[in-house]
Amino acid sequence: MIKHRSTYQRIVRRETHSAKSALAITLAAIVILALAYVAVECVLAFLQRPPLLVAPGEALAAAAELPAGVAASALLGAGALATLVGVVLVVAALTPGRRFDHVGETSRTALVVDNRAIASALARRASHAADLDPDRVVVSVSRRVAEVRVQPASGWPVNRDAIADAVADELSHLALTPTLRHRVIVSKQGVVGA
């Protein structure tokens, strides 16, 4: 089993880190549309037809006169916006994309656990511990915290500590990385007829 550890690590990394293809496709589409527009304007100018927006010669002349014809505040604003977009794109290119899945501990295979599966398991354990209908337990799982919200039936006492112990036990059995802290919230208002 140890001989496949590097393969499992590669699989886990691929499954827990998202590709940046959506950003790349969006940027490519914007560039393609801009170049298509420039090509259409050039063809219209070549055929001596009226431009869609601005003729290429007029656009080049306006760009050459740009600092003189535009207010300094507009230039500063455009420069700040371009800088901000550039910084966002550089940060997006250099940082790894991360999905919010968790990795389970096993030596036999690569185990990636979806947050919905974790939430389902915790909701089941919490509803059993509280002796409630599963519809009365809502669990949300983020990267570091599992939040369990319990809404008991009106007049039916719920032991918050028993629920917290059951959730902690389930999380310890799952042995997830990164580890999850849990928070149990019992609603003060019960539901009639639940």
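Can you tell me how many residues within the stretch 158-177 are within 26 Å of the chain's Cα centre (by Cα) and not in a helix (DSSP H, G or I)?
3
Could you go through the stretch 113-126 and let me know if any residue there is open to solvent by 60 Å² or more (accessible area, probe 1.4 Å), closer than 30 Å to Thr177 by Cα, not basic (Lys, Arg) and not assigned by the TED database to the domain that holds Ser172.
no
Restricting to the stretch 143-157, and then to whatever is modelled with pLDDT under 85 and not in a strand (DSSP E or B), can you tell me which residue is surrounded by the fewest Cβ atoms within 10 Å (Cβ to Cβ)?
Across the stretch 143-157, the extreme among qualifying residues is Gly155.
So is Leu94 surrounded by 10 or more Cβ atoms within 10 Å (Cβ to Cβ) and either on the phi > 0 side of the Ramachandran plot or out of contact with any Cys (no Cβ under 6 Å at 6 or more places or on another chain) (or both) or not?
When the stated conditions are applied, Leu94 does not pass them.
Of (1) out of contact with any Ser or Thr (no Cβ under 9 Å at 6 or more places or on another chain); (2) in contact (Cβ under 8 Å) with a residue 40 or more places away in the chain, Val112 satisfies all except one. Which?
Status for Val112: all satisfied but (1).
Could you pull out the residue among Ser140, Ser172, Ser107 that is at pLDDT 85 or above, under 30 Å from Ser6 (Cα atoms) and surrounded by fewer than 16 Cβ atoms within 10 Å (Cβ to Cβ)?
Ser172
Say we look at the stretch 46-65 and pick out the residues that are over 17 Å from Ala34 (Cα atoms) and at pLDDT below 85; which of these is most open to solvent (accessible area, probe 1.4 Å)?
Glu65
The values are calculated or read from the model by the stated rules, or taken from the named source; none is laboratory data. Here the structure is a predicted model, which means the values were calculated and not measured. Here Cβ is always computed from backbone atoms with ideal geometry, including for glycine, and neighbour counts include all displayed protein chains. When the accessible area is computed, the model is the full protein with side chains, heavy atoms only, and any ligands, DNA or RNA have been set aside. Shrake-Rupley method; radii C 1.70, N 1.55, O 1.52, S 1.80 Å.
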